[in-house]
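Below is one structure, written out as C-alpha cells; the observations come after it.
Every number here is computed from the coordinates shown, using simple stated rules; none is lab data. As the structure is a computational prediction, the values presented were derived from the model and not from experiment. Methodologically, a virtual Cβ is constructed for each residue, glycine included, from the backbone with ideal geometry; neighbour enumeration extends over all protein chains shown.
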Amino acid sequence: MLSRGRSRGPYEAAVLRTLREAGPSSRTRISEITGLSQATISKAVGTMVDKGLLRESVAAEPRMGRPSVTLTPSADAVTVCGVQIEYGTIRLGLADAESRVRTVHSVPFDVTAQPSDVLDLIAAEIERMVAKDDGAPCIGVAVGIPGAVDEARRINRLTLNLGWRDVPIADHLERKLEVPVVVDHHVRLMALAEARYGERAGNGIAYLYVRQGVGLGVAPAGNASYTGGPAGEAFLGHTRVVEDGELCRCGARGCLETMVAEPYLRARLRRAGHAAAVPDGTAVLAGLHRLAAEGDPAAVEIETDVVRHLASALATVVNLFTPDLVLVGGIVAEAPGSTITRIRELTRERIFPLLREDLRLEPAHHSESASVRGAATLALEVSHYT
C-alpha cells in the first residue's frame, strides 16, 4: 500500500497547467490566463506554496512599488510511477513533476501466467521501489499496455500477444496500492511523452514501435489531448499489405505485423537457414542487414520487404496526420543507420509533395527510462494536472 496521496485544492490543477504552459508567472498573470479572480488565485497559490508545490522568487531589480513575485512549479514536490508491460518484461520507474525518471528497473514475468498474478507482481515491485525511494510521496500510477483499452482507461480490452482480454488493471492495482491508476496503450504514451517533454518535438509526432507487434501513437506537440480512439490503438499493424499472406495472430492474413514484427522476421530467417546467424537476443534487423550485405538472396528479399512495407505504412500515417517528426522505436531503432535512411527516403517519396521537405524520420531514444517516461507522463496528467 502506498501513501493515499495528497489532498488537493479545487484550483491546484488549473494553476499548475497554467504555469506549465505559460512558464513562471505572477499571480496577476495566472489570474488573467485562467479567468479566476486574483483573490481566488492568491488563496490557492498561498496553499500551494505552503505545500511545497510552488516556489516564489522576487525579481532581482524590482520596479517601483511592490516587488514582482514569480511562481515556479517545484518538480520534486510529487512522485508518479510509470509502468510499461512488454512481452515477458515489466519496466517500472519513478518520475518527478516534469516526467524526469530517476529510478527505473525491469523484472521478467511468465507470459503464460494469469493476468492477476502479473498485476500482483507489478504492485509488489511498485511498493518495493517506492519504499527505497527518498523522494516525495507517489500520487499516481499509469500503466502502458501493448493492447487496446476501454474509454475510461481502466481495462485492458485485448492484448493479443499475452492473450489478455477484459483485464481490470486499474481496479486491481488501486486495491493493492490505494492511489489512482490509469491504463493506456503503450505506444500512444510514448508519443505523448515526446510531444509533451521531448526535445525534438515539432508540430506533431508520430511514433511507430515495432517488436512483438506493431504499435502507433500520434500526438500534437505539447498537447495532452493526443490522437487516438477510445480503444487506444490505431491497429496499423493489422492493415493488410499482402493478399493471401501469412496468417496473423489476429486471425487475418497478410497483416503488416506479419511482414515486419520480430517473431515473424525470425521465423522467416529460420526457414531460410539463418537462425544461427541472427540468434535470439541480438538485433534482428542488424543481423538481417549483415546477411543482405553479404549478398544472401533470402536476406535481401526479407530486408527489402521490411523497408518497403514500413515506408508504405509510415507514408500513410504522414499523409493522414501530417506530423513533421516520425520516431521509429523497438527493433527499427536498433537497425543500422543505412536501413533507417532507406526507410526515410522511401517514405519521403511516397508522401504528398508539400510534406516532403519538413519530414523528419529518426530513431527513438532506446532506454528503460524512455520506455517508462510515457506512462509517467500520463500519471502526471491524471493525478497532478487534472
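Relative contact order for segment 12-73: 39 percent, from Cα pairs under 8 Å spaced at least 6 residues apart, divided by residue count. Within segment 31-49, list the residues whose amide N lies under 17 Å from a label point set 7 Å along Cα→Cβ of residue 68. Answer for this model: 31-33. Dividing the helix sum by the residues of the chain, where each DSSP H run of 4 or more adds -39500 (n - 2.57), gives a mean residue ellipticity at 222 nm of -12500 deg cm²/dmol. Toward the positive end of the charge dipole of segment 94-166, with +1 on the Cβ of Lys and Arg and -1 on the Cβ of Asp and Glu, the farthest Cα among 106, 152, 116 is that of 152.
Dividing the convex hull volume of the alpha-carbon atoms in segment 268-386 by its residue count gives 131 Å³ per residue. Antiparallel beta bridges, as assigned by DSSP with both residues in the chain, represent about 60 percent of the total such bridges.
Taking 1.002 mPa s as the viscosity and 20 °C as the temperature, the Stokes-Einstein diffusion coefficient of segment 12-73 based on its alpha-carbon Kirkwood radius rounds to 183 µm²/s.
Antiparallel as a % of all DSSP beta bridges within segment 200-366, to the nearest 5? Could the numbers behind the result be given before it?
Details: 9 of 19 bridges.
If we restrict to bridges inside segment 200-366, about 45 percent are antiparallel.
Taking the empirical scaling 2.2 N^0.38 Å for compact globular proteins as reference, segment 200-366 has a Cα radius of gyration ratio of 1.02.
What fraction of the Cα pairs in the chain, stated in percent, has a spacing above 38 angstrom? Display every interim value, and only then the final one.
Working: 18967 of 74305 pairs.
Here the long-distance tail beyond 38 Å is 26 percent of all Cα pairs in the chain.
Legend: calculated FRET efficiency, residue 132 to residue 100, from the Cβ-Cβ distance at R0 = 25 Å, rounded to 0.05, equals 0.90. The simple spin-label model puts a point 7 Å past each Cα toward its Cβ; for residue 366 and residue 203 those points are separated by 3.1 nm. In segment 75-164, Rg over Rh equals 0.98, where Rg is the alpha-carbon radius of gyration and Rh the Kirkwood radius from pairwise Cα distances. Distance between the 7 Å Cα→Cβ label points at residue 250 and residue 114: 3.1 nm.
Straight-line reach from residue 176: taking Cα to Cα under 25 Å and skipping same-chain neighbours fewer than 8 places apart, the lysines in range are 132. The trypsin sites (Lys or Arg not before Pro) of segment 59-149 that meet both conditions, a loop assignment by DSSP and at most 11 other Cβ atoms within 10 Å of the site Cβ, are 63.
Between the helical axis of 297-321 and the longest alpha-carbon principal axis of the chain there is an angle of about 40 degrees. Listed by chain and number, the lysines whose C-alpha is less than 19 Å from the C-alpha of residue 51, apart from same-chain residues fewer than 8 away, are 43.
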